[in-house]
Amino acid sequence: MNNWLNNSTFLAYAITCLVLCANLLFLWGYSGAARAKTRTAMNEEDAIRFSASLAEIDPPKVARVLRAHSNAEASIYPFLFLGLVFVLAGGRAGTGTVIFGIFTGARLLHSIFYLAGKQPWRTIFFTVGGLATIALMLDIIWLMIRGA
């Protein structure tokens, strides 16, 4: 039986998964912290439970964190699916490590700059992450062509 922990490509992928999931969990928790600071709630039962004001729309600070979280989800999930395909298709560890590392670094920096409201850095790191995703897709296509 194949021990996946002895597979360098899988190890790079597993570390990528852990870091990117930690990023999503941080944003999830940070959204709750931002909401607590504004003392607002979107649901009546939450407003009652936490003695918060019932709001129809999110305060700007909460909305920013929620947008950062939504943006991260929209790019991280497809990348992780593609990364798994790459591993299962027999992608090389060196290639995977570079692409996974670039994407992970770009997503972490994108989250930081999104929360801080810093342009052009947010767009730059969004673009780097997108290019890493495209590179991963192209490498998967190459693996499929070579394997056919």
Inset, instruction - Would you check which residues across segment 27-44 are in a strand (DSSP E or B) and either modelled with pLDDT under 90 or β-branched (Val, Ile, Thr) (or both) and list them? - result: Thr40
Legend entry - Residue pairs meeting the criteria (Cβ under 9 Å; at least 6 apart or on separate chains; first at positive phi, in segment 86-104; second aliphatic (A, V, I, L, M)): Gly90/Leu143
Inset, instruction - Just give me the residues in segment 96-148 being part of a loop (DSSP other than H, G, I, E, B) and hydrophobic (A, V, I, L, M, F, W, C), in sequence order. - result: Ala148
Legend entry - Unique match (being more than 18 Å from Leu24 (Cβ to Cβ), in contact (Cβ under 8 Å) with a residue 40 or more places away in the chain and of a type in the set (Gly, Ala, Ser)) among Gly83, Gly117: Gly117
Legend entry - Members of segment 55-87 that are over 18 Å from the mean Cα position of the chain (by Cα), surrounded by 13 or more Cβ atoms within 10 Å (Cβ to Cβ) and among the aliphatic types (A, V, I, L, M): Ala55, Val62, Val87
Legend entry - Matching option when the condition is part of a helix (DSSP H, G or I), modelled with pLDDT of 95 or more and either closer than 30 Å to Ile145 by Cβ or touching a Ser or Thr at 6+ places or on another chain (Cβ under 7 Å) (or both), among Ala47, Ala22, Ala72, Ala63: Ala72
Inset, instruction - Return a yes/no flag: does segment 88-95 have any residue that is assigned to a helix (DSSP H, G or I), under 23 Å from Asp139 (Cα atoms) and of a type outside the set (A, V, I, L, M). - result: yes
Inset, instruction - Identify all residues within segment 93-147 that are surrounded by 20 or more Cβ atoms within 10 Å (Cβ to Cβ) and hydrophobic (A, V, I, L, M, F, W, C); write none if there are none. - result: Ile99, Phe100, Phe103, Ala106, Phe125, Ala132, Leu136
Inset, instruction - Return the total of residues in segment 1-54 being within 16 Å of Leu84 (Cα to Cα), of a type in the set (Phe, Trp, Tyr) and either surrounded by fewer than 14 Cβ atoms within 10 Å (Cβ to Cβ) or under 14 Å from the mean Cα position of the chain (by Cα) (or both). - result: 2
Inset, instruction - Please tell me if Phe10 is farther than 17 Å from Asn71 by Cα and of a type in the set (Phe, Trp, Tyr). - result: yes
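The values are calculated or read from the model by the stated rules, or taken from the named source; none is laboratory data. Remember, it's a predicted structure, so these values are computed and weren't measured experimentally. Here the Cβ is made from the backbone with ideal geometry for all residues, glycine too, and neighbour counts use every protein chain on show.
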